[in-house]
Amino acid sequence: LETGKTIKLKIEFDDPELPDILALGEVRWSGKQVDDDGYQSGVQFQGLDRKQQRMIERYVSERLAAERRLHCIE
């Protein structure tokens, strides 16, 4: 993905209580993964409303907590 380009995103959560989010985002960085032939990119969301922001924050927070429990990280 070209840095600086605006792309359309569909964020699908694996939590059935959270609806999909359609959003725009600006590609901030992009690069080839070291361990395989894939690529990674960082995208800055644009135009999310407060409800969408809270849904993403909740989801990320819950996933991080689950990872910590799984790996016994304090």
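The values are calculated or read from the model by the stated rules, or taken from the named source; none is laboratory data. In this text, all values refer to a predicted model and were calculated from it rather than measured experimentally. Please note: Cβ atoms are built from the backbone with ideal geometry, for glycine as well, and neighbour counts cover all protein chains shown. Surface accessibility is based on the protein's heavy atoms, side chains included, excluding ligands, DNA and RNA. Shrake-Rupley method; radii C 1.70, N 1.55, O 1.52, S 1.80 Å.
State yes or no: is residue 2 open to solvent by 80 Å² or more (accessible area, probe 1.4 Å) and under 13 Å from the mean Cα position of the chain (by Cα)? Reasoning before the result, please.
Numbers: open to solvent by 80 Å² or more (accessible area, probe 1.4 Å): yes; under 13 Å from the mean Cα position of the chain (by Cα): no.
No; evaluated as a whole, the condition is false for this residue.
For segment 8-22, what are the residues that are of a type in the set (A, V, I, L, M, F, W, C), over 14 Å from residue 48 (Cα atoms) and either modelled with pLDDT of 90 or more or in contact with a His (Cβ under 9 Å, 6 or more places away or on another chain) (or both)? Quick ask: steps written out before the conclusion?
Initial filter on segment 8-22 (of a type in the set (A, V, I, L, M, F, W, C)): 9, 11, 13, 18, 21-22.
Within this subset, residues satisfying the condition of being over 14 Å from residue 48 (Cα atoms) are 13, 18.
Answer for segment 8-22, where residues must be of a type in the set (A, V, I, L, M, F, W, C), over 14 Å from residue 48 (Cα atoms) and either modelled with pLDDT of 90 or more or in contact with a His (Cβ under 9 Å, 6 or more places away or on another chain) (or both): just 13.
Could you figure out which of (1) of a type in the set (Gly, Ala, Ser); (2) more than 23 Å from residue 63 (Cα to Cα); (3) modelled with pLDDT of 95 or more isn't true of residue 31?
Only one criterion is unmet by residue 31, namely (3).
Give me the residue from segment 30-74 that is aliphatic (A, V, I, L, M) and in a helix (DSSP H, G or I) and, out of that set, nearest to residue 17 (Cα to Cα).
Initial filter on segment 30-74 (aliphatic (A, V, I, L, M)): 34, 43, 48, 55-56, 60, 64-66, 70, 73.
Next cut, in a helix (DSSP H, G or I) only: 55-56, 60, 64-66, 70.
On the way: 55: 10, 56: 12, 60: 14, 64: 18, 65: 18, 66: 17, 70: 22 Å.
Out of the qualifying residues, it is 55.
Run residue 66 past the list (1) within 29 Å of residue 2 (Cβ to Cβ); (2) free of Cβ contacts under 8 Å to residues at least 40 places away in the same chain and report the number of the one that doesn't hold.
(1)
Please enumerate the residues belonging to segment 5-41 that are farther than 23 Å from residue 66 by Cα and open to solvent by less than 70 Å² (accessible area, probe 1.4 Å).
Hits for segment 5-41 are 7, 9, 23, 25, 26, 27, 30, 31, 33, 38, 41.
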